[in-house]
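What follows is a single structure, written as structure tokens, with notes after it.
The values are calculated or read from the model by the stated rules, or taken from the named source; none is laboratory data. In this text the structure is predicted, and so the values were computed from the model without any measurement. All Cβ positions, glycine included, derive from the backbone under ideal geometry; neighbour counts span all protein chains shown. Note: areas computed on protein heavy atoms with side chains; ligands, DNA, RNA excluded. Shrake-Rupley method; radii C 1.70, N 1.55, O 1.52, S 1.80 Å.
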Amino acid sequence: MFESFGFEELTARQASVWLGLGIGVLFGVMAQISRFCFRRAVAGPLDERRSAAGVWAAALALSVLGTQGAVSMGWISFEGHRFFAPDLPWLAVTLGGLAFGAGMVLTRGCVSRLTVLGGTGNLRALTVLLVFAVTAHATLKGVLAPLRTTLGSATLSVGETASLAALPGGTWLWAGLIAAACLAFAALSRARPRDLALGALIGLLAPLAWVGTGFLLYDDFDPIAMESLSTTLPSADSLFWLIASSSIPPGFGAGLMGGILAGALLAALTRREFALQSFTSPRQTGRYMAGAVLMGLGGVLAGGCTLGAGLSGVGTLSLAALLALAAIALGATVTVRLLGEANATSSGSAAPQARPAQ
């Protein structure tokens with residue numbers, strides 16, 4: 001469709017940077033105001049988990065409905081997409097999800113939340129993002145790639161059931177069940193209506209990105225990848241572009257990451273929440289670095305982060321995405337218990353540094 005717009009000096013890839021930037025700014029602003037974070041929903045302070053989970057559930061409901069609506073309109077198709085490979089790399093997805101979940105507990109924030117925090121002046125978050133991006137790139141194309149391919153070779157043939165849409169009842173039964181369950185939970189979560197509304201709008205950004213890259217910017221002569229909200233591949237691509245921009249052009253992911261940082265900065269300055277924060281001890285630094293490595297490795301193995309495999313992936317009704325999100329949640333839950341933080345509250349002393357990561 002892109003060629004019908006009549007642009008002569010703007011390619012589809014260049015346009016995707018601007019699309020990513022715009023979506024990223026919207027996400028950054030809304031995520032900063034609502035404190036949108038999957039880690040806080042499953043392993044945060046006990047007195048905040050339910051409301052945080054409600055906001056995340058509202059986002060997931062709209063992501064599912066919006067994405068499947070776009071599919072039913074014929075705007076996008078996930079045929080051939082990696083989420084729907086007939087051979088499910090179950091070992092890589094499971095271990096990757098567990099590692100990512102453990103990592104986001106150690107860093108006290110999922111990568112999307114840490115990106116938002118980076119825009120508010122949190123130097124810990126920015127350092128984690130750098131280590132995360134390096135590790136993700138090393139797992140995709142560097143020294144850790146053999147580990148990825150080895151684990152990825154353990155597959156389970158799922159055929160057409162790679163999508164819930166192939167199960168009895170079809171697309172709208174399963175999309176409706178997921179959305180209804182999420183909306184019911186959100187309504188009972190006691191989250192503030194403003195935050196629930198922002199969560200729902202965040203959820204709509206996922207189908208907006210799918211449609212933008214897969215339909216509006218589709219160009220037969222210069223095709224680009226269909227992408228949505230994510231941080232794993234965009235972080236790795238952004239790092240690669242930053243160090244080799246003379247030979248590697250930016251894409252949707254670079255625009256998205258830059259937009260999230262800019263949007264969070266805008267919200268933080270407007271709300272007077274900008275503050276420089278750094279590490280307080282070598283022990284804390286080691287904890288965050290370990291978490292960054294686990295998330296970088298785990299995000300690639302699982303096929304995405306809490307945004308890529310979670311919010312965007314589950315919206316496609318992908319079995320692989322559902323497995324990844326479940327493994328991330330399990331990894332976070334187990335890790336927080338092993339660290340003795342399961343009974344922490346936002347005002348308690350068990351996790352004195354949890355508040356800045358929210």
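For the chain, what class follows from the C-alpha gyration tensor (a ≥ b ≥ c being the square roots of its eigenvalues): rounded when a/c is under 1.5, otherwise prolate if a/b is larger than b/c, else oblate?
On the way: a/c = 1.31, a/b = 1.21, b/c = 1.08.
Because its axes are fairly even, with a/c under 1.5, the chain counts as rounded.
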Apportionment of accessible area to carbon and sulfur, region 115-271, percent (1.4 Å): 72 percent
Hz values of 3J(HN,Hα) by residue in region 267-276 - Karplus curve (6.51, -1.76, 1.60), Gly and Pro given as x: 5, 5, 5, 5, 9, 6, 10, 6, 7, 6
Residue among T120, L317, A138 farthest towards the positive dipole end of the chain, charges placed on Cβ: T120
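Shape call for region 150-228 from the C-alpha gyration tensor, a ≥ b ≥ c root eigenvalues: rounded (a/c under 1.5), prolate (a/b greater than b/c) or oblate?
Details: a/c = 2.05, a/b = 1.25, b/c = 1.63.
Oblate, because a/c is 1.5 or more while a/b does not exceed b/c.
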Cut-off under 5 Å, modelled amide H: who pairs with S163 long-range: L319
Between region 151-165 and region 203-265, the alpha-carbon center distance in angstrom: 26 Å
Whole-Hz ³J(HN,Hα) from phi, Karplus 6.51 cos²θ - 1.76 cosθ + 1.60, for region 126-143, glycine and proline x: 5, 5, 4, 4, 5, 5, 4, 5, 4, 5, 4, 5, 5, 6, 6, 9, x, 5
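Which of rounded, prolate, oblate describes region 1-94, given a ≥ b ≥ c as roots of the alpha-carbon gyration tensor eigenvalues and a/c under 1.5 marking rounded, otherwise prolate only if a/b is larger than b/c? Write down the numbers at each step before the final one.
Working: a/c = 2.26, a/b = 1.44, b/c = 1.57.
Oblate.
With +1 on each Lys and Arg Cβ and -1 on each Asp and Glu Cβ, how big is the dipole of region 1-155 about its Cα centre, in debye rounded to the nearest 20? Kindly include the intermediate steps, with their values, before the conclusion.
Values: 12 positive and 7 negative charges, 151 e Å.
So the dipole magnitude of region 1-155 works out to roughly 720 debye.
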